[in-house]
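Where a number appears in this text, it was derived from the coordinates with a stated rule and is not lab data. Please read these numbers as outputs of a predicted model, since none were measured by experiment. Neighbour counts are summed over all protein chains in view; Cβ atoms, including those assigned to glycine, are modelled from backbone coordinates with ideal geometry.
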Amino acid sequence: MPDSEAGRSQSGVVDAATAGPASDSGESTGLLWGVGAVSTKLDVARPTLRTWDRRYGLGPSLRTPGGHRRYTATDVSRMQLMNRLLDTGVAAAQAAQVACSATDEELAVGVLPSRTVRRPGNRRRASSTVGTLVRAAKALQADELARCISVQLRRRGAVEAWEEVFAPFLIEIGQQWMLGEFGIASEHLASGVLASELHTFSMHHRSHRPVSARVILTCAEDEQHVLPVFALEAALAQRKTPTLVLGQRMPVKALRRAMLARRPAVVFIWASMAQPVGDASNGLDPDVSRHVLLGGPGWSDGAAHSYGSVRVERVHDLDQAVSQVERGLQS
């Protein structure tokens, strides 16, 4: 229950709808986080968070009517990115610059700029490849699209190709489509060819039959965008991890039946559209699966919780999803 401060909870997480209007940002929906809650979530000391805010401007972007600063979900995503960059050895100042400049689309689609920070030459080549893919899609050149995508998968591997080339390619398509510079036929062609090449890559690297899979990959019930699921399938196939892909628009009851039949160790559910809090635990049975991973901007951080012996976690990019799947298989 809230205490005397409007909208504040004992956990340090606040519902923006009850917290009143924010004074310095247009983001007024979703959960807001206090420094203590962010510290616990990221396992980063409070003084460190305050240093990031003071030194690099990487901190809470909202202020309550009572003058208390709060982190939005986007702020938390930036802090998570900062933390991951530091873990890879990127200097703090450079990591903060990347985290602050990451767009909402990059945070949502799961681009991991840490790779481009470490390899600027690769970033330039990736940018050039994105331009080549966009031009081929606009010209409806399916063969050229397939060739370029296949080359990137072979050279970079599934994770790097997705994060440095394919995800930026999809973002660019979306931006040009909004400006009326990219046709529907081109968008459908690009999505179809990318899906096909990811599937071909998965089949080439697969060393198992789906019947042996202990990992289920699927989409939320109303979710049509399945490419991130195919990307995860390809990344896991490259690591010889068996998966069963159930695809888009998976009804909760059907997913539950599949989980009962297969008893997977890990279930990954993708959602780009907003999902009600609690939907991730609907139909879960502690005796069926121990680990559920939620990917995509459709899930709020409030969707991550424990349900009996089932651990429900948010993952924010493809690299993290692969790591968490492998950890879930080992637990």
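Take the Cα radius of gyration of the range 117-205 and divide it by 2.2 N^0.38 Å, N being the number of residues; the result is 1.04. Spin-label model, residue 141/residue 93: points 7 Å from Cα along the beta carbon direction are separated by 4.3 nm. Counting neighbouring beta carbons within 10 Å and listing from fewest to most, the residues 148, 100, 219 come out as 100, 148, 219.
Counting other Cβ atoms within 10 Å as a rough exposure proxy, the listed residues 310, 325, 151 run 151, 310, 325 from fewest neighbours to most. Exposure proxy for 143, 53, 317: other Cβ atoms within 10 Å of each Cβ, ordered fewest to most, give 143, 53, 317.
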